[in-house]
Amino acid sequence: MVSQDKKDLATWIVFLIYFSSLNCQTCPGDSFVNTLAKADQNGCVRKWLPVKQLHWTKKKRILITGGAGFVGSHLVDKLMQDGHEVIALDNFVTGKRHNIEQWIGHSNFELLHHDVTNPIYVEVDEIYHLASPASPQHYMHNPIRTIKANTLGTLNMLGLARRTNSKFLFASTSEVYGDPEVHPQPESYWGNVNPIGPRACYDESKRLGETMTYAYFRHLNLPVKVARIFNTYGPRMQINDGRVVTNFIAQALNNESITVYGSGEQTRSFQYISDLVNGLIALMESNYTMPVNLGNPVEFTVNELALLIKNFTKVSICDSIVESSPCSSGLSANA
C-alpha cells in the first residue's frame, strides 16, 4: 500500500513534469518551476494574493534574509498573506527577483538588495536568517561565499537581533549530521562530518552558525531558534540545483537514463515547501530554544524515487552502480 506522503510526491512530480514540457515564450525564467509560476499568473501579470488585515498590536515587522530564494520566497508569501510587514533581503546570487516580484509595490512589503556579510540596520521584531547557498551546485562552486554567509552573515544578523531586541531564527540544515551513522538522526546526535571534505564549506559553516547562535542565547539572553531543515521540494526549485529530486527529473525531461549513485537503498525524506514554512513559523512562535529537525518522518529509498519518476516518464534507470556522486564523498541526508 502506498502512503499518502508518497502519493503526494508522485502527484507533484507528475504536475511538474507535465508543465515543464510546455514552452512558455512570454515568460522566460531561470528554471522550469519559475516558468510555471509565471504561467500561473496569466501572462506574467502581477496579482497580489489575499492579505489579512491585522490590528496594529498583532502586526509584526519581519526580516527574511535570502528572501528571494526557494524557501525564503515561500516564507515571504505566507507572512505577507498573514498580514505582517515583511522585509525581504537578498544579494540575488542564487535568489531570483521573480520569486517575490508579486509583492513589489505592496505597502507591507520591502525588498532590499543587500549581502548579509555586510552589516545593516533595520527596525524589526523577528529575523529569519535563511541567506546561504543551499544546493550542492551553488555551495561547492563558491565555498568561500558559503562560509562567509553562514558565519560573518550570521554574526551580523545576530548583532542586528541584539540591537533591535528581536527574535532570531537560524536556518540550519540536516547537513550538520554529515554522513550519519545513526538513522533517523535525533537532535541530540552530534553528527559524523568530514571537516575537509567537499561539502565541508556548507556543513561546518552551518555548525559554526549554530554555535554562534547559542553563544548569543547563553551569554546575551537573545531569544533564538534553530531549524535543521531536511529535503524540501515544491515550486521555484531550480532544475539545476544538484539535488536528487531535480537531478532525476532533469534526466527524465532530457530522455536520459536516471542515474542512481551507490546501491540506491539510501533513504531520503521529502517535505513539501508549505509544510516547511508552517514549521518555521510555528518554531518562531514557540518558546522552544534548542535545535529542531524539520522534515518528513516518512522516507523513500533513492531507488523508489527513481522508479516513481520512471513510471511517469518511461525512461530507463541506469543499471550500473556508481560508488559515489561526482560532487560528494557520499550522499548526505540533505542531498
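All of the numbers you see were taken from the coordinates with simple rules; none came from a lab. It should be emphasised that the depicted structure is a prediction, and the values quoted were computed from it without experimental measurement. Ideal geometry is used to build each Cβ from the backbone, glycine not excepted, and the neighbour counts take in all protein chains shown.
Listed highest first by mean packing, meaning other Cβ atoms within 10 Å per residue, what order do 282-290, 199-207 come in?
Highest mean packing first, the order is 199-207, 282-290.
Too long at a 27 Å Cα-Cα cut-off: which of K96/K314; K78/K310; K58/K78; K52/K167; K78/K167; K60/K225?
K96/K314; K78/K310
Could you derive backbone 3J(HN,Hα) for the stretch 193-210 from the dihedral phi with the Karplus parameters 6.51, -1.76 and 1.60 (θ = phi - 60°), listing whole Hz in sequence and x where the residue is Gly or Pro?
Once θ is set to phi - 60°, the couplings for the stretch 193-210 become 10, 8, x, 10, x, x, 9, 4, 4, 8, 4, 6, 5, 5, 5, 5, x, 5 Hz.
Let me check against my output: what whole-number percent is the relative contact order of the stretch 60-145, with C-alpha pairs under 8 Å and at least 6 apart?
This gives 38 percent for the stretch 60-145.
By average Cβ neighbour count within 10 Å, what is the ranking of 77-83, 66-72, 151-157, 55-61 from highest down?
66-72, 151-157, 77-83, 55-61
Report, in debye and to the nearest 20, how large the dipole of the stretch 90-162 comes out about its Cα centre when Lys and Arg carry +1 and Asp and Glu carry -1 on their Cβ.
The dipole magnitude comes to about 360 debye.
In terms of modelled amide H atoms, which long-range or inter-chain residues lie less than 5 Å from the amide H of V260?
Under 5 Å from the amide H of V260: C318.
Under a 5 Å amide H to amide H cut-off, with H placed in plane at 1.01 Å, what residues pair with V226 once short-range neighbours are removed?
F170, V292
In whole Hz, what ³J(HN,Hα) sequence does the stretch 133-139 give by Karplus (6.51, -1.76, 1.60; θ = phi - 60°), x for Gly and Pro?
My calculation for the stretch 133-139 gives x, 10, 9, x, 4, 6, 6 Hz in order.
Sort out for me the Cα centre separation of the stretch 229-275 from the stretch 126-143, rounded to whole Å.
Cα centroid to Cα centroid, the span is 18 Å.
Would you please put 188-195, 227-234, 309-316, 163-170 in order of how densely packed they are, using the mean number of other Cβ atoms within 10 angstrom per residue and starting with the highest?
By packing density, highest mean first, the sequence is 227-234, 163-170, 309-316, 188-195.
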